Each structure stands twice: as C-alpha cells, then as structure tokens.
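These notes are about the structure you will find just below.
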Amino acid sequence: MTRPLIAANWKMNGDLALAEAVIAGLAEGGGGGVDVLLCPPFVYLREVARMVRQAKVTGLAVGAQNLDYHAHGAFTGEVSAAMIADAGCEYVIVGHSERRALFGESDDDVARKAQAARGAGLAAVVCVGETFAEREAGRTEAVVESQLAPLAGFFADSDGGDFAAAYEPVWAIGSGQSATPGDARAVHEFIRRRIADHNPAAASRARVIYGGSVKPGNAAGLFAEPGIDGALVGGASLAARDFLSIIRSGYAD
Ligand code: PEP
C-alpha cells in the first residue's frame with residue numbers, strides 16, 4: 001500500500017474559511033505520512049487549490065465531488081474532467097451514493113466518469129456500497145460486485161495509483177452508525193480481490209478507503225484494520241478540529 005488517504009467530502013457545505021482552517025492545521029504539523037484530500041464544491045476548487053499550493057504541505061491535494069464524462073458540449077451546469085484538472089485538482093470523487101440515489105447515476109455512468117478522470121490525469125475516488133435493505137438481505141458482496149463490474153476495463157489499465165476505491169455503506173453515511181472495523185475490513189478485502197481479478201498489481205497498490213460516519217472517536221479503530229487504507233469523511237470534515245483529529249488518529253508518520 002502507498003500512503004493512506006484521508007479525504008474530506010464537503011458535499012454542498014463549507015467555505016474558504018473552512019479550507020483555511022484545515023490547511024493551517026496541517027501546516028502546523030501532525031498529518032505526516034498520510035495523504036489528505038479536500039473536496040469542496042466546484043466554485044471553491046481553484047482557490048482552495050491555490051491555497052494548498054501556497055501552503056506546501058506534503059500530500060495535501062484538492063479534488064472535485066463529481067464530473068461529467070463528456071469532454072465538452074451542451075450540458076448545462078456540468079463540469080468536465082479537463083476543467084477540474086485545469087482548476088488545480090488531482091482527484092475527483094465518482095459514484096458517491098448521493099449521486100447514484102439523487103441524480104440517477106448508473107454503474108455504467110460511474111465507469112465512464114472514472115475513465116474520463118483518468119483521461120484528464122485525475123485520480124478517481126470510486127465509491128461503492130450497499131443499502132441497509134441490501135445488507136439485511138445478505139447481498140452486500142453481490143451489490144458491490146455489480147457496481148465494480150463495469151469498471152473492469154478501467155481497473156485492467158490501471159497502475160493502482162490512479163484511483164482509490166471507497167467502500168461506503170449507504171446506511172452508514174450521515175447516520176452516525178459506522179460499519180464495525182471487522183465488517184468494513186471484510187468488504188475491503190472483497191473489493192481488493194475483485195480488482196485483482198482484472199489487475200493483481202494494481203489491486204495490491206491501490207488504496208481502499210472506508211466512508212460512513214467516520215468520526216474522531218471511531219477512526220483509530222477503523223484505521224487499525226489491515227486493508228483499510230484511509231477514509232472518506234463527510235460530516236466530520238466540516239469541523240476543522242474533527243477532521244484534523246481523524247487525520248492524526250492512526251497511521252504512524
Ligand atoms: C460521505 O458522504 O461520503 C460520508 C462518508 O459522509 P459521513 O462521513 O457524514 O457519513
């Protein structure tokens with residue numbers, strides 16, 4: 001595994017003051033050994049990227065929360081991968097469960113987005129995860145497998161450094177109820193095996209991160225599990241103190 005990745009998904013929240021507080025906290029030290037990713041709303045990307053460059057904090061990067069897989073055209077309100085890269089981003093989240101549930105993104109759309117990200121030199125943070133009903137029905141692996149299936153070609157061509165997989169059980173997102181470290185680890189192992197079906201070298205190098213109610217109080221337990229290579233953090237990333245505390249929760253320098 002390369003360095004762990006701890007990513008902040010602000011969703012439609014946050015402002016430049018939040019970015020400033022997080023960046024200042026990291027510049028003071030204590031995040032060493034971990035890659036940190038800030039994913040603010042589109043309108044803040046260029047300025048946050050500028051702040052990050054200026055801060056010169058090792059491993060700190062900026063990403064978008066979504067992209068359109070078309071290169072350009074009459075797609076009102078959409079933003080392409082090249083535009084995101086031009087704004088100074090290195091990453092983009094694709095397939096977040098809110099995009100799937102609220103905006104009708106399909107597994108095929110997610111694969112197209114991951115390919116578009118790669119085409120623009122962006123690393124994709126590819127989100128997968130089951131709903132509560134699917135989990136109760138014992139379908140977690142089947143659901144994750146079907147979400148990963150259209151990404152076969154994307155994984156096959158990967159060097160393992162151009163994406164991270166994010167296991168985000170839908171029932172854990174914003175609910176305050178995280179997966180247990182053991183349950184998360186089992187799904188992470190499953191995800192890594194499915195990636196290895198297409199590309200064993202990429203599977204061993206790629207980061208598989210966990211998302212779903214990660215907080216200062218439960219982060220260390222999750223990060224202690226082999227195969228949990230970081231976190232995608234929503235709610236707790238909106239308070240600089242909590243996010244910095246998560247970053248400092250594990251993964252020795
Ligand atoms: C998310 O939206 O990706 C997420 C993990 O949210 P939260 O941390 O609030 O559960």
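The values are calculated or read from the model by the stated rules, or taken from the named source; none is laboratory data. Please read all numbers here as calculations on a predicted model, not as lab measurements. A quick note on method: Cβ atoms are made from the backbone with ideal geometry, for glycine too, and the neighbour counts reach across all protein chains shown. Calculation scope for accessible area: heavy atoms of the full protein, side chains included, ligands and nucleic acids excluded. Shrake-Rupley method; radii C 1.70, N 1.55, O 1.52, S 1.80 Å.
Within 18 Å of residue 188 (Cα to Cα), modelled with pLDDT of 95 or more, surrounded by 13 or more Cβ atoms within 10 Å (Cβ to Cβ) and within 15 Å of the chain's Cα centre (by Cα): is that true of residue 166 in this structure? Lay out the reasoning, then the answer.
Working: within 18 Å of residue 188 (Cα to Cα): yes; modelled with pLDDT of 95 or more: yes; surrounded by 13 or more Cβ atoms within 10 Å (Cβ to Cβ): yes; within 15 Å of the chain's Cα centre (by Cα): yes.
It is true that residue 166 is within 18 Å of residue 188 (Cα to Cα), modelled with pLDDT of 95 or more, surrounded by 13 or more Cβ atoms within 10 Å (Cβ to Cβ) and within 15 Å of the chain's Cα centre (by Cα).
Given the criteria away from the ligand (no atom under 11 Å from the Cβ) and under 27 Å from residue 21 (Cα atoms), does residue 232 qualify?
Working: away from the ligand (no atom under 11 Å from the Cβ): no; under 27 Å from residue 21 (Cα atoms): yes.
Spelling it out, it is not the case that residue 232 is away from the ligand (no atom under 11 Å from the Cβ) and under 27 Å from residue 21 (Cα atoms).
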Exercise for review: Starting from the range 117-141, keep only residues that are assigned to a helix (DSSP H, G or I) and within 16 Å of the ligand (Cβ to nearest atom), then list their pairs with residues that are open to solvent by 30 Å² or more (accessible area, probe 1.4 Å) and at pLDDT 95 or above whose Cβ atoms are within a distance under 6 Å, requiring at least 6 positions of separation or different chains.
Suggested key: 132/171
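If the requirement is being more than 18 Å from the chain's Cα centre (by Cα), crowded, with 18+ Cβ neighbours inside 10 Å and within 16 Å of the ligand (Cβ to nearest atom), which of these qualifies: 37, 18? Before you say what the answer is, go through the steps one by one.
Details: 37 fails: more than 18 Å from the chain's Cα centre (by Cα).
Answer to the check: 18.
Run down 250, 234, 217 and say which single residue is modelled with pLDDT of 95 or more and open to solvent by less than 50 Å² (accessible area, probe 1.4 Å).
Details: 250 fails: modelled with pLDDT of 95 or more; 217 fails: open to solvent by less than 50 Å² (accessible area, probe 1.4 Å).
When all the criteria are applied, what remains is 234.
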Practice item. Could you please find all residues in the range 82-112 being surrounded by fewer than 18 Cβ atoms within 10 Å (Cβ to Cβ), more than 24 Å from residue 53 (Cβ to Cβ) and without any contact (Cβ under 8 Å) to a residue 40 or more places away in the chain? Key: 102, 103, 104, 106
**Study point:** Scope the range 215-238; condition within 14 Å of the chain's Cα centre (by Cα) and assigned to a loop (DSSP other than H, G, I, E, B); matching residues
**Key:** 228, 229, 234
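Can you confirm whether residue 178 is within 14 Å of residue 4 (Cβ to Cβ), within 15 Å of the ligand (Cβ to nearest atom), open to solvent by 20 Å² or more (accessible area, probe 1.4 Å) and not in a helix (DSSP H, G or I)? Before the answer, list the steps.
Details: within 14 Å of residue 4 (Cβ to Cβ): no; within 15 Å of the ligand (Cβ to nearest atom): yes; open to solvent by 20 Å² or more (accessible area, probe 1.4 Å): yes; not in a helix (DSSP H, G or I): yes.
Criteria not met by residue 178.
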Point to revise | Selected residue [out of contact with any helix residue (DSSP H, G or I) (no Cβ under 8 Å at 6 or more places or on another chain) and not aromatic (Phe, Trp, Tyr)] from 175, 158, 146 | key: 175
